[in-house]
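A.B. asks: Sending over a structure as structure tokens; questions will come in a sec.
The values are calculated or read from the model by the stated rules, or taken from the named source; none is laboratory data. In this text the structure is predicted, and so the values were computed from the model without any measurement. Cβ placement follows ideal geometry from the backbone for every residue including glycine, while neighbour counts extend to all protein chains displayed. For the accessible areas, the whole protein counts, side chains as well, though only heavy atoms, and no ligand, DNA or RNA atoms are used. Shrake-Rupley method; radii C 1.70, N 1.55, O 1.52, S 1.80 Å.
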Amino acid sequence: MTISFLLIVMILLAFFATQLSSQDTVPRDQFNVILNDLREARADIRRLEAERDAAREALDAAISERNAAIEERDRLRAENADLLARIRELEALVDQLQRDLDAVTAERDDLLERLSRLQQINPLEAYLAQAIEQRREILIELRERLLIEFPDLQVVISAEQDALRFQGEGLFRSGSSQLEPRQRQIVDTMGRLLDEILVCFTLGDRANRGPDCDSGNALIEAVQIEGHTDADGSDLNNLRLSTDRANATLLVMLDEERTILAHENLRGQPVMSVSGYGEMRPIETNATTEGKAANRRIDLRIIMYAPSTVEEVEEIGRRLDALRAAGGSE
């Protein structure tokens, strides 16, 4: 507005100047005043134009800043929208994880409860498990001690870990129930070792549950000397042969005092027994030479006493505790 006003003043001055004729004169003082006013008006115009240009630049800068701010606002809005969407996804994930955690916690609690029940040891199951383990250790000890004295002896533990097996020509020649001198020595040694071991697992006059016995409360019900043959020959002859072999084995085990027969089970019966099965219980095929050799065997089978109730387990414990209190023997 100031610039416009000054322009109007200049136009008016120019108009007045055109109205003056060559004959008209203006006093110098008045002319100088008008000239100075004109110069000042031009200076004001230049100053105002500079201020206008500066204002325009400031306005352009402000507009640029505003546009940048708008762009930044839009970017932040978009970023905020993305973050809100991500937050919703994470919240949904947290909810799912919480549900999964609740399910796992419930499953863990169930497993802990089941484990707690399992950890409450059933005396009957514990006794049976101990008896099975003790039988395995007895067979291992017998085999290892026999192999120390007879390294070439064909003796193995059955797959069921309930019997010591003498296969092939280990004790008897094919078709024979007679023990040769070396085989008699093997059987005699086996009887001696078995007699030493049974004192910790039986009752009777030979029982001894002293500190050297690491048998727990396990008891042996029976030790069976079983004779077996291959399929050659008649069934009846094979039954006789297998029984004769079992009897021959037990007879060699008997010393003058017949101490091995003094080992008794819980019912007061001798644990030693014999049986012959002929060809009825093969462990290999009889169609091959090797299979027949495996089937011609003597099994020293150990049968552990298996109580059927917790009360029976407790009764065994009482009897063995009394045996130990008496000094380890009945």
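A.B. asks: Could you tell me which trypsin sites (Lys or Arg not before Pro) in segment 203-273 are loop residues by DSSP with no more than 16 other beta carbons within 10 angstrom of their beta carbon? Could the numbers behind the result be given before it?
C.D. replies: Numbers: sites: ARG206, ARG209, ARG240, ARG245, ARG258, ARG267; in loops: ARG206, ARG209, ARG258, ARG267.
Passing sites in segment 203-273 are ARG258, ARG267.
A.B. asks: Here's something else I'd like to know. How big is the convex hull of the Cα atoms of segment 180-330, per residue, in Å³? Walk me through the intermediate numbers first.
C.D. replies: Details: hull volume 20.5 nm³, N = 151.
Each residue corresponds to 136 Å³ of Cα convex hull volume.
A.B. asks: May I ask you to derive the relative contact order of the chain, considering only C-alpha pairs under 8 Å and at least 6 residues apart, and to give it as an integer percent? List each step's numbers first, then the result.
C.D. replies: On the way: 394 pairs, mean separation 60.5, N = 330.
It rounds to 18 percent for the chain.
A.B. asks: Here's something else I'd like to know. Counting only protein chains, not ligands or nucleic acids, how are MET190, MET304 ordered by accessible area (probe 1.4 Å), most first? Each step should come with its number before you reach the end.
C.D. replies: Values: MET190 0, MET304 20 Å².
Descending order: MET304, MET190.
A.B. asks: Given axes a ≥ b ≥ c from the Cα gyration tensor, I'd like to know whether segment 42-112 is rounded (a/c under 1.5), prolate (a/b larger than b/c) or oblate. Please report the intermediate quantities before stating the final value.
C.D. replies: On the way: a/c = 16.42, a/b = 8.72, b/c = 1.88.
Prolate, since a/c reaches 1.5 and a/b exceeds b/c.
A.B. asks: For segment 31-122, what is the accessible area per residue in Å², given a 1.4 Å probe and the full set of protein chains? Spell out each step's value before the answer.
C.D. replies: On the way: 7840 Å² over 92 residues.
Computed with neighbouring chains in place, this is 85 Å² per residue.
A.B. asks: Report Rg(Cα)/(2.2 N^0.38 Å) for segment 72-185, keeping two decimals.
C.D. replies: Numbers: Rg = 34.6 Å, N = 114, 2.2 N^0.38 = 13.3 Å.
Relative to the rule-of-thumb radius for its length, segment 72-185 sits at 2.60.
A.B. asks: Along the positive direction of the dipole of the chain (beta-carbon charges: Lys, Arg +1; Asp, Glu -1; about the Cα centre), which of ALA129, PRO27, VAL155 reaches farthest?
C.D. replies: PRO27
A.B. asks: Let's see if you can work this out: charge +1 on each Lys and Arg Cβ, -1 on each Asp and Glu Cβ, no other charges. What is the dipole magnitude of the chain about its Cα centre, in debye to the nearest 20? Kindly include the intermediate steps, with their values, before the conclusion.
C.D. replies: Values: 40 positive and 62 negative charges, 87 e Å.
In total the dipole reaches around 420 debye.
A.B. asks: Please give the length that would be gained between GLU314 and ARG267 if that part of the chain were fully extended, namely 0.36 nm times their separation in residues minus their C-alpha to C-alpha distance (nm, one decimal).
C.D. replies: Details: separation 47, 0.36 × 47 = 16.92 nm, distance 1.56 nm.
Net length gain for the segment: 15.4 nm.
A.B. asks: What would the Debye equation give as log₁₀ I(q)/I(0) for the chain at q = 0.16 Å⁻¹, counting only Cα atoms as equal point scatterers?
C.D. replies: Cα-only, vacuum Debye calculation for the chain: -1.28.
A.B. asks: Quick check on the chain: helices-only [θ] at 222 nm, where DSSP H runs of length 4 and up contribute -39,500 (n - 2.57) each and the sum goes over total residues. Nearest 500, please.
C.D. replies: On the way: 7 runs with 197 residues, N = 330.
Theoretical 222 nm ellipticity from helices: -21500 deg cm²/dmol.
A.B. asks: Take the Cβ-Cβ distance between ARG28 and ARG66 as r, set R0 to 51 Å, and report the resulting FRET efficiency rounded to the nearest 0.05.
C.D. replies: On the way: r = 55 Å, r/R0 = 1.08.
Result of the calculation: an efficiency of 0.40.
A.B. asks: For segment 181-263, which whole-number percentage of the solvent-accessible area (1.4 Å probe, protein heavy atoms only) is attributable to carbon and sulfur atoms? All intermediate terms of the calculation are to be shown ahead of the outcome.
C.D. replies: Values: 1650 of 3630 Å².
Answer for segment 181-263: carbon and sulfur cover 46 percent of the accessible area.
A.B. asks: Using only protein heavy atoms and a 1.4 Å probe, report how much of GLU91 is accessible, in Å² to the nearest 10.
C.D. replies: 100
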